[in-house]
Amino acid sequence: MLGLKLPTDPRWVNIVEKNLPEILTDHAYCEQKAATNSINLIVNYPDIPEIVDAMLELAREELSHFQMVHDKIKERNLVLGRERRDEYVFELNTFIRKGHSREIVLADRLLFSALVEARSCERFKVLSENISDPDLREFYRGLMVSEANHYTLFISLARKYAKGVDIDKRWQEFLDFEASIISKFGKKETIHG
């Protein structure tokens with residue numbers, strides 16, 4: 001369904017399990033950044049009511065996920081660490097075309113968002129199937145479903161509002177680009193790392 005061209009090696013979970021505080025902190029900030037991305041789409045496309053409504057709802061949901069992760073951190077007598085730069089998202093962001101028509105930039109921003117959600121969904125699936133902690137298995141199973149819904153939301157918005165852009169073709173280009181960079185990741189205890 002997601003179309004990702006390079007799956008995460010399930011052994012990535014072995015790295016994650018060695019440093020759960022790190023993965024939980026990184027995950028919390030991924031949720032915060034997803035909320036911020038939704039707000040940025042509102043700021044840039046206030047004239048498209050469906051995008052505004054969808055992104056308002058999504059921002060609230062992403063912040064609730066941040067709260068859920070923060071609660072997991074506190075349950076384990078840990079504290080939220082400092083934000084880290086997400087190298088995967090940074091590199092993927094370079095594929096967004098800048099200086100083009102508003103529709104092209106909108107298409108790319110929505111497809112970028114869909115791809116981040118798709119990779120997060122895939123990573124949450126790997127965690128839900130392989131992590132030894134039963135509480136985190138269940139936690140990531142639930143979040144995996146949410147990420148899949150977010151992925152489909154962004155794809156559908158791109159299809160509806162990026163007029164004149166071949167979304168299927170551009171999505172394949174995004175998937176190819178993501179495949180070229182994801183091979184460098186999966187070696188750290190971060191959601192995309």
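Yes or no, residue by residue, for (1) modelled with pLDDT of 95 or more; (2) surrounded by 14 or more Cβ atoms within 10 Å (Cβ to Cβ); (3) farther than 21 Å from Pro10 by Cβ:
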site: Ile42; (1), (2), (3): yes, yes, yes
site: Pro46; (1), (2), (3): yes, no, yes
site: Gln67; (1), (2), (3): yes, no, yes
site: Leu106; (1), (2), (3): yes, yes, yes
site: Leu111; (1), (2), (3): yes, yes, yes
site: Ala114; (1), (2), (3): yes, yes, yes
site: Ile131; (1), (2), (3): yes, yes, no
site: Leu143; (1), (2), (3): yes, yes, no
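Take the conditions (1) modelled with pLDDT under 95; (2) touching a Leu at 6+ places or on another chain (Cβ under 6 Å); Asp9 misses just one of them, which is (2). Number of residues in segment 1-60 that are in contact (Cβ under 8 Å) with a residue 40 or more places away in the chain, basic (Lys, Arg) and not in a loop (DSSP other than H, G, I, E, B) equals 1. Candidates in segment 151-162 are the residues that are small (Gly, Ala, Ser) and surrounded by 18 or more Cβ atoms within 10 Å (Cβ to Cβ); of these, the one that is farthest from the chain's Cα centre (by Cα) is Ala162.
Looking across segment 163-183 at every residue that is among the basic types (Lys, Arg) and in contact (Cβ under 8 Å) with a residue 40 or more places away in the chain, the one that is surrounded by the most Cβ atoms within 10 Å (Cβ to Cβ) is identified as Arg170. Residues in segment 105-163 that are more than 18 Å from Ala28 (Cα to Cα), assigned to a helix (DSSP H, G or I) and touching an Asp or Glu at 6+ places or on another chain (Cβ under 7 Å): Leu115, Tyr151, Phe154. Taking segment 29-51 as the range and being under 19 Å from Phe185 (Cβ atoms) and hydrophobic (A, V, I, L, M, F, W, C) as the test, the residues that pass are Cys30, Ala34.
The values are calculated or read from the model by the stated rules, or taken from the named source; none is laboratory data. Note that this is a predicted model, so its numbers are computed, not measured. A quick note on method: Cβ atoms are made from the backbone with ideal geometry, for glycine too, and the neighbour counts reach across all protein chains shown.
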